[in-house]
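Notes for the one structure printed next.
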Amino acid sequence: MAGTRGEQFSGVTVAIVTPFKTGEIDWDDLGRLVDWHIEQGTDGLVPCGTTGESPTLDHDEHERVVAFVCERARGRLKIMAGTGSNCTREAIRMTKAARKAGAHGTLQVGPYYNKPTQEGYFRHFAAVAESCDLPQVIYNIPGRTGSEIAAETLARLAESYPTIVAVKEATGKLDMASQIAATTDLTILSGDDSLTLPFMSVGARGVVSVVGNIVPRDMMALVKAFLADKVSEAQTWHRKLFPLCRDMLSVATNPIPVKAAMKLLGRGTGELRLPMCPLDAAGEARVRQTLVGYGLLR
């Protein structure tokens with residue numbers, strides 16, 4: 001699969017949190033977050049994804065976060081801006097703004113709540129592609145959106161629009177990843193940390209990671225080992241990472257547990273915006289126990 005279309009997004013792209021302080025975006029902490037990922041060697045960042053609480057950012061904040069991250073990164077890593085929406089006109093506007101800000105690509109989630117037909121999905125992503133030449137990564141996550149983008153629709157989009165280059169595959173189904181790999185030259189990126197290695201075994205080229213907010217180097221070690229045909233080494237990393245991915249992210253809806261983990265590790269306030277709210281004491285204890293088990297806390 002070395003010849004896939006969106007190879008520039010292979011590796012580990014981290015869907016970063018948006019830090020808040022007393023209800024507002026903490027720009028200083030966001031800057032430190034970008035700098036930290038550059039130091040860690042992270043391949044790319046997604047500002048304003050679901051992990052970045054994009055549904056609770058107003059339009060101005062959304063565009064400012066993308067522009068801030070692009071400016072802070074200054075080309076030192078790839079920026080895949082989350083600019084998807086369940087309103088096609090809004091997705092187009094945010095995608096154009098991301099291009100102007102200097103993003104390398106755009107992450108386009110399937111329109112949520114609307115539950116479009118497959119023809120509606122096709123026309124939505126086509127309209128974004130026709131409006132802006134920014135490389136587009138389609139995000140297929142039916143658990144969040146309420147419906148699935150069919151593999152046949154992805155194949156039709158790939159055939160019709162060369163700027164649609166990749167898919168973040170979060171259906172949790174190996175058969176879906178296999179079908180995309182068999183019928184398109186789209187770059188497949190795992191949308192679930194714990195499924196990164198299984199997905200790569202059928203042709204995926206990396207991951208858009210949540211756990212990478214905490215251990216980007218370990219996620220990259222897994223991905224790089226597999227891409228270098230060091231399967232046994234990749235399996236070792238998979239076994240190490242799996243409990244962290246499973247136990248932490250199952251405590252509550254993303255990004256609640258990852259923000260709690262970062263707070264416990266002394267990185268940020270852990271503050272969320274409603275309707276997201278902090279873990280109770282039992283939930284935080286579970287996150288702490290997982291971090292201790294991984295060796296990140298004593």
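Structure summary
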| item | result |
| --- | --- |
| Kirkwood hydrodynamic radius over Cα pairs of the chain, then Stokes diffusion coefficient at 37 °C and 0.692 mPa s, in µm²/s | 173 |
| Per-residue HN-Hα couplings for the stretch 55-62 [Karplus 6.51, -1.76, 1.60; θ = phi - 60°; Hz; x = Gly/Pro] | x, 9, 8, 6, 4, 5, 4, 4 |
| Two-site label geometry, Leu274 and Asp28: point separation in nm, points 7 Å out along Cα→Cβ | 2.7 |
| Dipole magnitude (debye, nearest 20) for the stretch 211-271, charges at Cβ of Lys, Arg, Asp, Glu | 80 |
| R0 of 41 Å, Cβ-Cβ distance Ser232-Asp60: FRET efficiency to nearest 0.05 | 0.25 |
| Order of exposure, largest accessible area first, which applies to Phe242, Phe199 with probe 1.4 Å | Phe242, Phe199 |
| Vicinal HN-Hα couplings computed from phi for the stretch 30-39 (Karplus, 6.51 cos²θ - 1.76 cosθ + 1.60; Hz; Gly/Pro x) | 4, x, 4, 5, 4, 4, 4, 5, 5, 4 |
| Ellipsoid equivalent to the stretch 53-117 - semi-axes via the Cα gyration tensor, in Å | 22, 12, 10 |
| Heavy-atom accessible area ranking, 1.4 Å probe, most first, across Phe20, Phe226 | Phe226, Phe20 |
| Mean ellipticity per residue at 222 nm, deg cm²/dmol - from DSSP H runs of n ≥ 4 across the chain, formula -39500 (n - 2.57) | -14000 deg cm²/dmol |
| Rounded accessible area of Cys132 (nearest 10 Å², 1.4 Å probe) | 10 |
| Using a Förster distance of 22 Å, the FRET efficiency for Arg89-Ser160 (Cβ separation, nearest 0.05) | 0.60 |
| Rounded to the nearest 10 Å², the accessible area of Val65 at probe 1.4 Å | 0 |
| Gaussian network model of the chain, springs between alpha carbon atoms under 10 Å - residue of Leu154, Leu134, Leu265 with greatest fluctuation | Leu265 |
| The stretch 139-298: translational diffusion in µm²/s, Stokes-Einstein, Kirkwood Rh over Cα pairs, 25 °C, 0.890 mPa s | 146 |
| Ratio of the Cα radius of gyration of the stretch 131-193 to 2.2 N^0.38 Å, where N counts its residues | 1.05 |
| For His238, solvent-accessible area (1.4 Å; no DNA, RNA or ligand), Å² | 50 |
| Two-decimal log10 I(q)/I(0) for the stretch 48-174, as the Debye equation yields it once each C-alpha is a single scatterer, q = 0.17 Å⁻¹ | -0.82 |
| Alpha-carbon centroids, the stretch 263-298 and the stretch 179-258: separation in whole Å | 21 |
| Paramagnetic reach from Tyr113 in the stretch 57-86 [backbone N under 11 Å; point 7 Å along Cα→Cβ] | 86 |
| Which of Leu279, Leu274 is most accessible, then next, and so on - probe 1.4 Å | Leu274, Leu279 |
| Cα-projected label distance for Arg76 with Asp218, points at 7 Å along beta-carbon direction, nm | 2.4 |
| Given Lys100/Lys263; Lys96/Lys173; Lys78/Lys230; Lys115/Lys168; Lys173/Lys240; Lys21/Lys115, the pairs whose alpha carbons are separated by over 30 Å | Lys100/Lys263; Lys96/Lys173; Lys21/Lys115 |
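The values are calculated or read from the model by the stated rules, or taken from the named source; none is laboratory data. The shown structure was predicted, so the numbers you read here are calculated from the model rather than taken from an experiment. Neighbour counts run over all protein chains shown; Cβ positions are idealised from the backbone, glycine included. These accessible areas exclude ligands, DNA and RNA; they are computed on the full protein's heavy atoms, side chains included. Shrake-Rupley method; radii C 1.70, N 1.55, O 1.52, S 1.80 Å.
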